[in-house]
Structure formats: C-alpha cells, structure tokens
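So the structure is just underneath, and the comments pick up after that.
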Amino acid sequence: MMSWLPENISIEGEEIDFLFYISYYLTVVVFIGVAVAMGYFIIKYRAKPGVKAKYTHGNNVLEILWTVIPTFILLVFILMTQTSWAKLKLAIPQNPPVRVEVTGKQFNWIVRYPGDDGKFGTKDDLVLDNQLNVPVNKQVFIALKGADVIHSFFVPQARMKQDVVPGRTIPLWFTPTKVGKYEIPCAELCGFGHSGMNGEFIVHSEEDYAKWRKKAWAEKDK
Ligand SMILES: [Cu+2]
C-alpha cells in the first residue's frame, strides 16, 4: 500500500496504520465523488435564458439514504477499531520486559528507569531528561505522568500518542521493531516552550542496550 506516513516502527502501529488507511482512502473516494458530482451539476444546471429553476422541498428517500449509509460506515469503523482499542487501552501487559516512567514537565520529558531491582523509587533509579532508551523487539511499558499541565507523549513512527494528565498515571505500551533514533514531540500545547519540548526515543539492538545500561549506571554512580 502506498504510504504517506513516516515508516512505522512498532508491531502495534501496523493495526493503527491499517485503520488509518481504510478511513483515509474511503475519505479520498467520497471526496472525489462529491467534487466530480458537484462540478457536473454546476455545469449541467447552469443558468440558461428562459429556463426557470425548479423549487424543491426536499427528498425523503435521499435524506434517509445519506443518513443511513454514513451511519452504517461509522458503525463498521467503530466495530473494526474496537478490537485494537480494547487490546491497546484495556489489555495492559502485566509483566512487560521493559518498564519506564515518563513525566511531562514544562518543557521536558523526564524519563525514570528502574535499576536492576526492577523497582521505581529506589536508589538505583536512573533519571534522564528527554532520552528514552529501549531495546528492540521488546514490549515497552511506559507509565505516563504529568507534573504541571497537560502534555501529550507522541512517537509518530510508533503511531503512539497519549495525553499526559497531572494527577494521573496513564499506561502506554508498544513494541518497537526497528533500531534507530526517533523523536518524542509534545503534542499538546503546554506553554511558551511547547515547540521546543522534544525528546529522543532511542531503540537499541539488544547488545547495544545492555552496553548503554552499563555505561549509564556507571556514569550515574560517579
Ligand atoms: Cu507541549
């Protein structure tokens, strides 16, 4: 399928792309159909000398049709989207291999990694500004928190976007499949520094991830 989006780099993103493209192409078809029909009627029924326009009170059959058809399409979309929604938003993985805590704060993403004990809030936690390091092909679970106002955590390539709300911890999870460096722009206007609020999402190979962990914790203990 022709792609207009940057390459997807997550397993879960494939489903989202699929849904996106269905609604996108359907919209394109309807848009072209409407534009062509409108052009045709504009020319066909243009003002002609001696021809008076017919006044119409409406057409019940048409009214019902253009209510029922879009309703039907919308219902099909809801049903199709529902499985993905339920999977991503309700079936939260219980034992994800990678866990991090990301806090949106004017105007940074504060990333907290648990140390080898796997627990947050202990002495061996590592805290980095604007840098989320993960290994490739592993489920990544992010607990999203907000320190001040509403932000939105966005990794366009992974097709993941989630509002960050102060006072709440919101789960987000996905499985990156491609090694590389990507961006985490804030996608919710959050103040004067919003445009510069941008983190790095770094997907390492398994080997590089182990190396990164070793180095990062060694530097932290210095
Ligand atoms: Cu922002």
Next item on the list: Enter the accessible area per residue of the chain (Å², integer; probe 1.4 Å; all protein chains in place).
Entry: 65 Å²
Next item on the list: For Lys119, list the lysines whose Cα falls under 20 Å from its own Cα; do not include residues on the same chain fewer than 8 positions away.
Entry: Lys138, Lys145, Lys214, Lys215, Lys220
Notebook entry, point to check: If each of Glu7 and Thr122 carries a label point 7 Å out from its Cα toward its Cβ, how far apart are those two points in nm?
Noted result: 3.8 nm
Checklist line | Built amide H within the under 5 Å cut-off of Ser152, gap 5+ | finding: Val164, Ala187, Glu188
Checklist line | For region 1-160, size of Cβ-based charge dipole, Lys and Arg +1, Asp and Glu -1, in debye | finding: 1040 debye
Check: In region 11-90, what percent of the accessible surface is made up of carbon and sulfur (1.4 Å probe, ligands and nucleic acids excluded)?
Finding: 76 percent
Check: How large is ³J(HN,Hα), in whole Hz, for each residue of region 171-176 in order, when computed from phi with the Karplus curve 6.51 cos²θ - 1.76 cosθ + 1.60 and θ = phi - 60°, using x for Gly and Pro?
Finding: x, 9, 8, 6, 10, x
Notebook entry, point to check: What helices does the chain hold that run 27 Å or longer along their axis, going by alpha-carbon atoms, with a Kyte-Doolittle average of 0.0 or more, using DSSP H for the helix calls?
Noted result: 11-44, 60-85
Check: Which whole-number percent is the relative contact order of the chain (Cα, under 8 Å, 6+ apart)?
Finding: 21 percent
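The values are calculated or read from the model by the stated rules, or taken from the named source; none is laboratory data. Since the model is a prediction, treat every value here as computed from it, not as a measurement. Glycine also receives a Cβ, built like all others from the backbone with ideal geometry; neighbour counts cover every protein chain displayed. Side chains included, ligands, DNA and RNA excluded: accessible areas come from the protein's heavy atoms. Shrake-Rupley method; radii C 1.70, N 1.55, O 1.52, S 1.80 Å.
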